[in-house]
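Peer 1: Before we start, here is the structure in question, set down as structure tokens.
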Amino acid sequence: MLKQAARTKLPKRIDRLDELAHNLWWSWHYQGRELFRALDYTLWLTSGRNPVKQLRDINPDKLQAAASDPAFLASYDSIMSAFDADMSDDNTWFTTKYPDVLQGPISYFSMEFAIHSSIPIYAGGLGILAGDICKEASDLGLPMVGVGFMYPQGYFHQRISADGWQEEIYRQLDFSEAPMAPVLSSQWCKSLAEVQLDNRPVYIGAWQIQVGRTTLYLLDTNVEENTPQDRQLSARLYIADRELRIQQEIVLGIGGVRVLRALGIKPALWHANEGHAAFMMLERIREEVEQGATFDKAVKKVRATTIFTTHTPVPAGHDVFSSQLVEKYFHNYWGSLGIDQGKFLGLGQGNGVGNQAFNMTILALGTADKCNAVSQLHGTASRRMWHMLWPDIKEEKVPISHVTNGIHVPTWIASEMARLYEKYLGKDWMDRHDDPKLWERVMDIPDEELWAVRQALKRKLKGAMLDWAQQRWTEAEVMPQQVLAMGALLHPEVLTIGFVRRFAEYKRPALIFQDVERLKRLVKDRWRPIQIVFAGKSHPADFPSKGLLQHVYCLATDRDFHGRITFMEDYDMHMARYLVQGVDVWLNVPRRLNEACGTSGMKASLNGVPHLSVLDGWWYEGYNGENGWAIGDGPGTYSSEEEDRADAEALYRLLEEKIVPLYYDRDRGGVPHNWVSVIKEAISSVVPKFSARRMIKDYTEQLYVPAAGLRARRHISH
Ligand SMILES: *Cc1c(COP(=O)(O)O)cnc(C)c1O
């Protein structure tokens, strides 16, 4: 795979723009985004807010003009010095608090990473978490390298046909305009390591992406040495075919370790994000055995430096392979671990407590010393689910702890909100954003000012939706009602609810339509109407959820809803930013104990959009009675048949009796003071507790530093 070095020559005075464009650091500093936008606004938009592409295509006259514009140069100098400070400063939270604890970086293995919408190698929450972790690790000075996949065709783009059926479109990424470089090569993605797949060698190259201080290595099998078929192995994310999936996971786990070794990187700790990455532990065990250790000693050694995060709250959701597939791909491998077939299969079967399938979570739980779930409820559910692996101890003692997920605040905050926080919380608010005391000052923001920013963000969303709708209208054959379903008739003054997430049955996207007439009364109310924005992709092979999507889409195009139900196509990180910032209420209705954590509601609260949710995932910890609304009771109250009916009823009642009246209760200036109180409570209670900063500090203190061992303990006892 070729990386073209077609770069525009930059004027000397601003020649570091290229360096900035190639470090995604710019994406989470609004001053960085504004700098590129100022270069050439139209090109910024048409390039998909991708500065690498922008700099490639820009008219040199614009660069010359910028290089002699004092205002541009002042921003340029200020952003470059902030960048340099963030890249080189040793005076970070981690290096100050834990000097000499880690002898190498933490390697973080994940099937997907969501860093920026121009790199579509993520499907949903798992990737968003991985991306936010890389960014926050960089901000806190925690040394980290990410290991994942470069999927040249990424995850699909979503198109909805006139009858509401999801179609998947795959586009080939143009590497010449992506902010990445092939590793150890100036142009080609060249082979760095190999793995055996069913008796044939498959060669693996890698791309490098800079995410602040964190380096991401994205594996790619599209290298010269491979057969055409194997070159396609890493083309797409989450292919349904189980055989291709085991091949991908071997490339990620075993290949990932070998690529790091080839690059001379010596991780101090190894973190597997979800079971997909668990073959990474096997490869390190094999290395120890090769060095002369017995299998048991090797496992012990590998376990001690391994962290595993589980994300799946229900048994059916775990990544499993049939034992036939595992035998096919590992019969040449178990010998090198010094064990036989039975013992090898046992690693994924939990000593016979699982069924015959090879379960990647069981493999990971057995080969990681520190295991964590991603919320308090998910911790309890995971200990219950895996108690069978530790039958001799009490359920509470099952060694799976929890660290609740958090969001990377600089990535998800609207610049308008950031400016408001700068004004009322202090210029240094971003440096202290996990301090609950800081957020008490939100109460000092005048209601009028906060409300004005909220209204501005809503108009911005409306404008973006019109742009998207117009783009669709011009570029492809769509029916007029499809354009209307994309939000052309939304009104900026109407209470707007967002239901925006992956379409999956357990998330119950159609719950609000349980009683269509009752919903219509809410939507069409003459004085106090509501409108709903839907967005989200179904997995291409998940037909029930595609059916749900079709159901919702058809209601969105139903005239009887007056154009107030909308469905936005092709949900991605970029759209997510507009939506979490621009709607009024963030709705979430998963079946209880099915949502491990969820993070989009945290992004909404950060921007002053209160959460309206079932008490599942993080909301079970986050809801305090005043910072949003809880639908129904906590887990364990309902049988599953009752749950849908009871939750729909509770949702309608909340809307009718609490939310709609509160939103439309205005003073003479049009400000809803009681609503603004909920907003303020949402911001101050959610941001410090559910930030990635708090999460990374928890990971460090509860998982990384203890796993780093003696050296760390000695340090702490000082
Ligand atoms: C935050 C985010 C998610 C995760 O949303 P949940 O509500 O936690 O499921 C998924 N996709 C995108 C694009 C996001 O930004």
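Peer 1: How many residues are part of a helix (DSSP H, G or I) and either open to solvent by 30 Å² or more (accessible area, probe 1.4 Å) or of a type in the set (Ser, Thr, Tyr) (or both) when one looks only at segment 290-310?
Peer 2: Qualifying residue count for the region: 7.
Peer 1: Given LEU102, LEU173, LEU184, which one is of a type outside the set (D, E, K, R), in a loop (DSSP other than H, G, I, E, B), open to solvent by 20 Å² or more (accessible area, probe 1.4 Å) and on the phi > 0 side of the Ramachandran plot?
Peer 2: LEU184
Peer 1: While we're on this one: Within segment 391-410, does at least one residue satisfy the condition of being touching a helix residue (DSSP H, G or I) at 6+ places or on another chain (Cβ under 6 Å) and over 24 Å from HIS276 (Cβ atoms)?
Peer 2: Among the residues of segment 391-410, at least one is touching a helix residue (DSSP H, G or I) at 6+ places or on another chain (Cβ under 6 Å) and over 24 Å from HIS276 (Cβ atoms), which makes the answer yes.
Peer 1: Can you pull out the residues in segment 219-240 that are surrounded by fewer than 23 Cβ atoms within 10 Å (Cβ to Cβ), touching a residue at least 40 places away in the same chain (Cβ under 8 Å) and hydrophobic (A, V, I, L, M, F, W, C)?
Peer 2: VAL223, ALA235, LEU237, ALA240
Peer 1: When you check HIS22 against the structure, is it in contact with a strand residue (DSSP E or B) (Cβ under 9 Å, 6 or more places away or on another chain) and on the phi < 0 side of the Ramachandran plot, yes or no?
Peer 2: Judged against the criteria, HIS22 is a match.
Peer 1: Looking at segment 327-350, is at least one residue in the same structural domain as LEU389 (by TED's automatic domain parsing), under 25 Å from the mean Cα position of the chain (by Cα) and open to solvent by 60 Å² or more (accessible area, probe 1.4 Å)?
Peer 2: no
Peer 1: Here are the criteria: (1) under 18 Å from GLN482 (Cα atoms); (2) more than 16 Å from the ligand (Cβ to nearest atom). Tell me which single one LEU549 does not satisfy.
Peer 2: (2)
Peer 1: Here is a further query. Considering only helices (runs of 4 or more DSSP H) fully contained in segment 562-662, which possess at least 1 residues that are under 24 Å from HIS116 (Cα atoms) and more than 13 Å from the ligand (Cβ to nearest atom)?
Peer 2: Output list reads 573-582.
Peer 1: How many residues does segment 311-326 hold that are over 19 Å from GLN376 (Cβ atoms) and open to solvent by less than 30 Å² (accessible area, probe 1.4 Å)?
Peer 2: Total satisfying the criteria: 6.
Peer 1: Within segment 546-601, restricting attention to residues that are aromatic (Phe, Trp, Tyr) and touching a Leu at 6+ places or on another chain (Cβ under 7 Å), which residue is surrounded by the most Cβ atoms within 10 Å (Cβ to Cβ)?
Peer 2: Once the filter is applied, the top-ranked residue is TRP586.
Peer 1: If you take the residues of segment 115-137 that are assigned to a helix (DSSP H, G or I) and among the hydrophobic types (A, V, I, L, M, F, W, C), which of them is nearest to ASN405 (Cα to Cα)?
Peer 2: Checked segment 115-137; the qualifying residue nearest to ASN405 (Cα to Cα) is LEU129.
Peer 1: Output the number of the condition that ASP392 fails; it satisfies all remaining conditions of (1) assigned to a loop (DSSP other than H, G, I, E, B); (2) crowded, with 17+ Cβ neighbours inside 10 Å; (3) at negative phi.
Peer 2: (2)
Peer 1: Assess whether MET144 counts as being surrounded by fewer than 24 Cβ atoms within 10 Å (Cβ to Cβ), at pLDDT 90 or above and among the hydrophobic types (A, V, I, L, M, F, W, C).
Peer 2: Criteria not met by MET144.
Peer 1: Another question, then. Is it the case that ALA488 is closer than 29 Å to ARG653 by Cα and buried (at least 16 other Cβ atoms within 10 Å of the Cβ)?
Peer 2: Against the criterion (closer than 29 Å to ARG653 by Cα and buried (at least 16 other Cβ atoms within 10 Å of the Cβ)), ALA488 qualifies.
Peer 1: Let me ask something additional. Out of the helices (runs of 4 or more DSSP H) lying entirely within segment 404-513, which hold 1 or more residues that are within 28 Å of the chain's Cα centre (by Cα) and either closer than 29 Å to HIS539 by Cα or away from the ligand (no atom under 16 Å from the Cβ) (or both)?
Peer 2: Of the helices (runs of 4 or more DSSP H) lying wholly inside segment 404-513, those with at least 1 residues that are within 28 Å of the chain's Cα centre (by Cα) and either closer than 29 Å to HIS539 by Cα or away from the ligand (no atom under 16 Å from the Cβ) (or both) span 409-412, 415-425, 436-439, 447-475.
The values are calculated or read from the model by the stated rules, or taken from the named source; none is laboratory data. No experiment lies behind these values; they were computed from the predicted model shown. Counting neighbours? That spans all protein chains shown, and the Cβs are built from the backbone with ideal geometry, glycine included. With ligands, DNA and RNA removed, areas are computed over all heavy atoms of the protein, side chains included. Shrake-Rupley method; radii C 1.70, N 1.55, O 1.52, S 1.80 Å.
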